[in-house]
Amino acid sequence: MTNPDVGRIDGLTYPHGVAYMAGRFLPMSEARISVLDWGLLHSDVTYDTVHVWNGRFFRLDLHIQRFRRSLARLRLTVALDDEALGNILVECVRRSGLRNAYVEMLCTRGVSPTFSRDPREAINQFVAFAVPYGSVANARQLEEGLHVHLIDTVRRIPPESIDPQIKNYHWLDLVTAQFQGFDAGAETVVIADMDGHVAEGPGFNIFVVKAGALYTPERGVLHGITRQTVFDIARQEGIAVHAGAVSEAMLRGADEIFITSTAGGIMPVTRLNNGIVGPGVPGEITQRLLGIYWKWHDAPAYTLAVNYDKDAFA
Ligand SMILES: *Cc1c(COP(=O)(O)O)cnc(C)c1O
């Protein structure tokens, strides 16, 4: 039996999806970059990820704005205006037929024709793709809450070294911590910063709920758009939010914990290292925020509907 969600090329399997690169759309399995690309050799690349839910992009404008800021800080050039960039993303989704999609836009430093060591000589390369929606947490973890370990033997790359507001693939701190966490029985991890404060996890931000208020790290973490959406929901609901240093003690004393990412939304955490968080089931505030988060996915103010019948460039 063949799985329509998987493509195969050269004996490797790829998820179903559509990519755009070098001016054309192609099946995900055919989208490749050169091994000489600075994106691979030096992790000299930035990206952003947005999602489509029930055929609608969620807060696409904010993702494109963040991508633009990341590009500018790295002096990368994408010769497309916002409308053309948006149309490419829509067209990747439309051609893929996916109603729930994970959509990535990225730009690598590219290849320098002479293999020069001067980054100014590389030709920047823009790539976009749409693949099936993926989540940090699986269905059982969303239902019961995740088991997270706080890791402090690996520290988050300090913001003085790499600006975390530039969404990046410098993940060796996060991946090293993930392996340590898996060895200790965790489902995922959050890592501490150089001061020992709680930072973030592989592709997600973290929130503590204490006495009805929200606490989340501010410095040295990517300011996620899901994190921003939690701020927006909290304002509507009259829930106080404190963005600032979060200590390990605050994490251990939390009434509720949840993590946030484009890949999964708002996800409850019910176990921390060898302890239980609050009552050990997804908390009331977490559930309330989560319900509103998904409800906003139908709201015209936050979404853009994909027209699957019409070429985005027609
Ligand atoms: C993408 C990412 C997040 C989450 O950001 P969203 O915009 O909510 O998806 C958090 N931390 C890191 C390191 C990330 O790369």
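If only the Cβ of Lys and Arg carry +1 and only the Cβ of Asp and Glu carry -1, the dipole of the stretch 7-133 around its Cα centre is close to 240 debye. Taken about its Cα centre, the chain carries a charge dipole of roughly 360 debye when the Cβ of each Lys and Arg holds +1 and the Cβ of each Asp and Glu holds -1.
Using helices alone, what [θ] at 222 nm do you get for the chain, with -39,500 (n - 2.57) per DSSP H run of 4 or more residues, divided over all residues and rounded to the nearest 500?
Working: 8 runs with 82 residues, N = 314.
One gets -7500 deg cm²/dmol as the mean residue ellipticity at 222 nm.
With the charge dipole of the stretch 218-314 set up from +1 on Lys and Arg Cβ and -1 on Asp and Glu Cβ about the Cα centre, the Cα lying farthest toward the positive end among the listed residues 226, 272, 283 is that of 272.
Helix 82-96 and the longest principal axis of the C-alpha atoms of the chain enclose an angle of approximately 90°.
Which value results for Rg/Rh of the chain when Rg is the Cα radius of gyration and Rh the Kirkwood radius based on the inverse mean 1/r? Present the calculation step by step, with values, prior to reporting the outcome.
Details: Rg = 19.9 Å, Rh = 20.5 Å.
Over the Cα atoms of the chain, Rg/Rh equals 0.97.
For residue 189, the residues whose modelled amide H falls within less than 5 Å of its own, excluding neighbours fewer than 5 places apart on the same chain, are 149.
As I understand it, the dipole of the chain uses +1 on the Cβ of Lys and Arg and -1 on the Cβ of Asp and Glu, about the Cα centre. Which of 65, 151, 213 lies farthest toward its positive end? Sorting the options by dipole projection puts first 65.
Between the stretch 267-307 and the stretch 89-128, the C-alpha centres lie 31 angstrom from each other. Per residue, the convex hull spanned by the Cα atoms of the stretch 139-298 amounts to 107 cubic angstrom.
What does the charge dipole of the stretch 190-308 about its Cα centre add up to, to the nearest 20 debye, if the Cβ of each Lys and Arg holds +1 and the Cβ of each Asp and Glu holds -1? Let's see the in-between values first.
On the way: 8 positive and 11 negative charges, 27 e Å.
Around 120 debye, computed over the stretch 190-308.
Taking the C-alpha atoms only, the angle from helix 225-237 to the longest principal axis of the chain is near 50 degrees.
Can you bin the stretch 1-140 into rounded, prolate or oblate? Criterion: square roots of the alpha carbon gyration tensor eigenvalues sorted a ≥ b ≥ c, rounded for a/c under 1.5, prolate for a/b above b/c, oblate for the rest. It comes out oblate by the Cα gyration axes. Counting only residues at least eight positions apart within a chain, or on another chain, the aspartates and glutamates with an alpha carbon under 15 Å from that of residue 295 are 232, 237.
Read-outs: derived from the displayed coordinates by stated rules, not from any lab. Treat the numbers as computed from the prediction; the structure is a model and nothing was measured. Ideal geometry is used to build each Cβ from the backbone, glycine not excepted, and the neighbour counts take in all protein chains shown.
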